[in-house]
Amino acid sequence: MKKEDCYLLGKITRRHGLAGNVILKLDTDQPELYKKLDSIFLEINGLLVPFFIEKSSWSKLDALNIAFKNSSEALVDQSLGKNVYLPLTSLPKLTGKQFYYHEIIGFEIFDEEGNNCGVIRSVNDQTAQNYFVTNLDGKEVVIPIIKDWILEINRDERFIKMQLPEGLIDVFLVPSKKDE
């Protein structure tokens, strides 16, 4: 399994109890989808290694208490602090105006008049307001991700149509180093 074929589910944060269990802190808006995991992939020395789950239960709303099959002290030690991945193929297909951040990289953004607002290079979800980072005429543009602004997502033609406030692109146009 390659990392580019997977998505980050969370991280093994600590041990739980004396029976060799660990806590998986989930990085998701829908933790309930992951209650019945059979296996996970842990990133160890740059490789994704499968770990099989014997049982799991909720520790908190966004954390699972996991017991690995054939668990040993060394296996538990090896898992601590590691990122946890699942295959992209395990994600449910989204339709309409719902999307996964990884699937819209490379999509063009157009305003409601059909003006090109750039190609999505990345999505920043590490701030209070998530935003698209696009490239327009060699300049970086930041466009807030606001559900009500998204009018259409066309997966076949790879574009997102948005209702953007007038002047937003000019405000969020990040000058390049050459312009300064």
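Values quoted throughout were computed directly from the atomic coordinates according to the rules given, and no laboratory measurement underlies them. Keep in mind that this is a model prediction, so the values were computed, not measured. Here the Cβ positions follow ideal geometry from the backbone for every residue, glycine too, while neighbour counts run over all protein chains shown.
Report summary: the helix-based calculation at 222 nm, which adds -39500 (n - 2.57) for every DSSP H run with n ≥ 4 and divides by the residues of the chain, gives -1500 deg cm²/dmol.
Given +1 on the Cβ of Lys and Arg, -1 on the Cβ of Asp and Glu, and no further charges, what dipole in debye does segment 3-89 carry about its Cα centre, rounded to the nearest 20?
Charge dipole, segment 3-89, about its Cα centre: 280 debye, nearest 20.
Counting charges near Ile120 (Lys, Arg +1; Asp, Glu -1) among other residues having Cβ under 12 Å from its Cβ returns a value of -1.
For Lys2, the aspartates and glutamates whose Cα comes closer than 15 Å to its Cα, not counting residues fewer than 8 places off in the same chain, are Glu43. Straight-line cross-link partners of Lys139 among the aspartates and glutamates, defined as a Cα under 20 Å from its Cα and at least 8 positions apart when in the same chain: Glu108, Asp111, Glu166, Asp170, Asp179, Glu180. Quick one: length gained pulling Asn124 to Thr95 fully straight, 0.36 nm per residue minus the C-alpha distance? In short, 8.3 nm is gained.
Between Ile44 and Asp137, the FRET efficiency from the beta-carbon distance, with R0 = 41 Å, is close to 0.45. Projecting the Cα atoms of Phe68, Phe41, Ile120 onto the dipole axis of the chain, where Lys and Arg carry +1 and Asp and Glu carry -1 at the beta carbon, places Phe68 farthest toward the positive end.
Counting pairs of alpha carbon atoms under 8 Å apart in space and at least six apart in sequence, what relative contact order in percent does the chain give? Before the final figure, lay out the partial values.
Working: 327 pairs, mean separation 29.9, N = 180.
Once normalised by length, the contact order is 17 percent.
Quick one: compute the contact order of segment 59-136, relative version, from alpha carbon pairs under 8 angstrom and 6+ residues apart, as a percent.
Across segment 59-136, relative contact order equals 15 percent.
Overall shape: oblate for segment 3-89, with the ratio a/c of the largest to smallest alpha carbon gyration tensor axis at 1.5 or above and b/c at least equal to a/b. For the chain, a crude dipole built from +1 on the beta carbon of Lys and Arg and -1 on the beta carbon of Asp and Glu, taken about the Cα centre, is about 1080 debye to the nearest 20.
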